[in-house]
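Peer 1: Here it is, the structure in full.
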Amino acid sequence: MTVTIVETRISEWRAAVLRGGAVADTDADELEGHLREQISDLEAVGLTGDEAFLIAVKRLGEVHQITAEFAREHGDRLWKQLAIPRPNDGRLRSIVTMLAFAASTAVLVQLARMLTAMPGASEAWFVRDVSLFVLPVLAAYFALVRRMPGRRALVAVTVVGALALAVNLFPFADGASTEALVAIHLPVALWFVVGAAYMGGDIRASARRMDFIRFTGEWAIYYALIALGGGVLVGLTIAVLTPIAPGAVVQVITWVLPSGAAGAVVVAAWLVEEKKSVIENLAPVLTAIFTPLFAVMLLGSAVVYGVVGSGREFDRDLLFVFDLLLLVVLGLVVYGISARDGARGAGAMDAVRLVAVVAAIALDVLVLASMFERVGEFGFTANRVAALGLNLVLLVNLTGTAWLTLRLLTGRGQAIRIERWQTGYLPVFAAWVAVVVLALPPIFGFA
Amino acid sequence: MNIDKDLVAAMATPLVLAILVEGTSYGYAILKRVRELSGGDVEWTDGMLYPLLHRLERLGYIGAEWGASPEGRRRRYYEITEAGRAQLVEQRTQWATANRTLGALWGQTASPAGA
């Protein structure tokens, strides 16, 4: 009995020493050997196992002091822990799997690019369909890693197949605006398929959906970081090669750029999962910086628009700008909500968020009002319907968010309600995107 | 009597090296020897010995090797190197100087306790 208790205590102590990465496994062996020797010496003079353990641990010193001392002597270990994960079997397999999928999408994109050069194909086809060569690979990666059940995986494959078929069978006119809309919305539709795979097919659970929202935000940060580094690399490569081999520049742009961009989609997704703790510290900081800044910007713009009016220069481009603005605000809000500690009550950040959302809504209502004034004049086009629809979808979401945030701030609601609202709203976005991809082109005669 | 923490830290390197001159040893035994020599007056937090041993190893004063205790327990044995011996000689002269200097003052007067 006592023996097992002492053994448990020793292994707990060992785990505590190893935490933080300053003490290596072999050092822990050495310390544990010391501890055991001390314990058996103390037991030899008549102490019980429990008493001997307590005294031996006390003599070894506080765990945090030992690890601090090891950290001072082996400072490099802490950094390695952060930069290069310790290679073990599981990790190696995870890296190999990730690289295989990243390489597949990189090759697929090259194949697509070469198909574009074939007679009968066009640049527009490549732009429209390129996401079909990247995102399904990412979905497949998650389906494998998350062990998505076969039936659900079949549904995902069917959805991707249906989207690919529809989009390629539509007889788009040359330079059709519906085709451009499909090119923009298809990746988003496929991203929802990636989401389903990410959740392992368990798409109803609110917590899993929140994970996916969080993943999306962190993936975007990682992708932006990789793109930044890649941009520097490609830029320098071109600068170095241009004087001696001007032709090589074209090669770099046609081969390295598309494959790198596609492969990075998978790499960024893997990084999000592998290095969760790194970004988890970054996300709250980023939202804390930008939510107030956007609040100020939105408030200022709302006042200016309120005083001056939306102006005569108003056109559908402006509506696109506002769609973009609402999307960014929504992203910031959702990301902020996902990063906030659910158990905590209302804070100053929630108030700032409310200001940003209300200002965005006010701004949008002003623009929408003048848009509706003119819509009879110009009639509906595919672009206008897409922009207007997205606008309404976002407006409803933000209004709900504002209402729930207000309730939270006045102490009549809980933060979890806002989370539920956002996760519950995801299907609305998915449905709207599906409408734009599948319904708008036939309705507007593929023009 | 409790010896000041800084003084213990200053003593640590020559103490460990001098113990290893007596022969190859391992962490637990080194600490036991320290206790034995000082009669328990030198208080040492046991865990702090290992980072010190690693530093001495990095500096090349001692070598280390995994072995087994007579009971078959895994143990890391430490052995002094030539550089370690040279370092010990150097430390020894320094301590002798310190000892002589203080002794010159204290040797002629009564102990501070007045006994």
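Peer 1: Assuming R0 = 51 Å, what is the FRET efficiency of residue A:255 and residue A:205, from their Cβ-Cβ distance, to the nearest 0.05? Intermediate values should be presented prior to the final figure.
Peer 2: Numbers: r = 42 Å, r/R0 = 0.82.
Efficiency for this residue pair is about 0.75.
Peer 1: Also, quick follow-up: From zero outward in steps of 5 Å, how is the percent of C-alpha pairs of segment B:26-94 spread across the bins?
Peer 2: 4, 14, 20, 23, 23, 12, 2, 1, 0
Peer 1: Output the 0 to 90 degree angle, nearest 10, between the alpha-carbon long axis of helix A:282-308 and the longest principal axis computed from the alpha carbons of chain A.
Peer 2: On a 0 to 90 degree scale, this one is about 30.
Peer 1: Arrange B:41, B:4, A:27 by Cβ neighbour counts within 10 Å, fewest through most, would you?
Peer 2: Values: B:41 11, B:4 8, A:27 22.
So the residues, fewest neighbours to most, are B:4, B:41, A:27.
Peer 1: Turning to a different aspect of this structure: Most exposed first by the Cβ proxy, i.e. fewest other Cβ within 10 Å, how do A:7, A:273 rank? Provide the component values of the computation, followed by the final result.
Peer 2: Working: A:7 12, A:273 16.
Ascending number of Cβ neighbours within 10 Å: A:7, A:273.
Peer 1: Could you tell me the relative contact order of chain A? Use alpha-carbon pairs under 8 Å, at least six residues apart, and round to a whole percent. Walk me through the numbers on the way to the answer.
Peer 2: Working: 394 pairs, mean separation 80.8, N = 447.
Relative contact order of chain A: 18 percent.
Peer 1: Also: How are the alpha carbon pair distances in the protein assembly as shown distributed across 20 Å bins from zero to the largest one, expressed in percent?
Peer 2: In order of increasing distance, the bins hold 15, 35, 26, 18, 6, 0 percent.
Peer 1: With r as the distance between the Cβ atoms of residue A:8 and residue A:234 and R0 = 56 Å, compute the FRET efficiency 1/(1 + (r/R0)^6) and round to 0.05.
Peer 2: Details: r = 55 Å, r/R0 = 0.98.
Efficiency at R0 = 56 Å is approximately 0.55.
Peer 1: Relative to the first principal axis of the alpha-carbon coordinates of chain A, what is the inclination of helix A:49-60, with its axis defined by its Cα atoms, in degrees from 0 to 90 and to the nearest 10?
Peer 2: Once rounded, the angle reads 70 degrees.
Peer 1: Taking Cα pairs under 8 Å and at least six residues apart, what relative contact order does segment A:349-419 come out at, in percent? Mind showing how you got there, number by number?
Peer 2: On the way: 27 pairs, mean separation 32.4, N = 71.
Dividing the mean separation by the residue count of segment A:349-419 yields 46 percent.
Peer 1: Same structure, new question: So, in Å, what gap is there between the alpha-carbon centers of segment A:1-43 and segment A:162-237?
Peer 2: 49 Å
Peer 1: Please give the average number of partner chain Cβ atoms lying within 10 Å of the Cβ of each residue in A:55-64, rounded to a whole number. If you can, show how the numbers build up before the last one.
Peer 2: Numbers: counts 0, 1, 2, 2, 6, 7, 6, 2, 1, 0.
Mean shielding count: 3.
Peer 1: Another question, then. State, as an integer percentage, the relative contact order of segment B:6-115 based on alpha-carbon contacts under 8 Å between residues 6 or more apart. Each step should come with its number before you reach the end.
Peer 2: Numbers: 87 pairs, mean separation 29.4, N = 110.
Answer for segment B:6-115 is 27 percent.
Peer 1: Continuing with the same structure: Compute the distance in nm between two label points, each set 7 Å from the Cα along the Cα-to-Cβ direction, one at residue B:7 and one at residue A:115.
Peer 2: Using points 7 Å along Cα→Cβ, the separation is 8.3 nm.
Peer 1: Over all alpha-carbon pairs of segment A:163-283, lay out the pair-distance distribution in 10 Å bins, whole %, shortest bin first.
Peer 2: 11, 28, 29, 23, 8, 1
Laboratory data are not the source of any read-out in this text; all were calculated from the coordinates shown. What you are looking at is a predicted structure, and each value in this text was computed from that prediction instead of being measured. Reconstructed Cβ throughout: ideal geometry from the backbone, glycine too, with neighbour counts over all protein chains shown.
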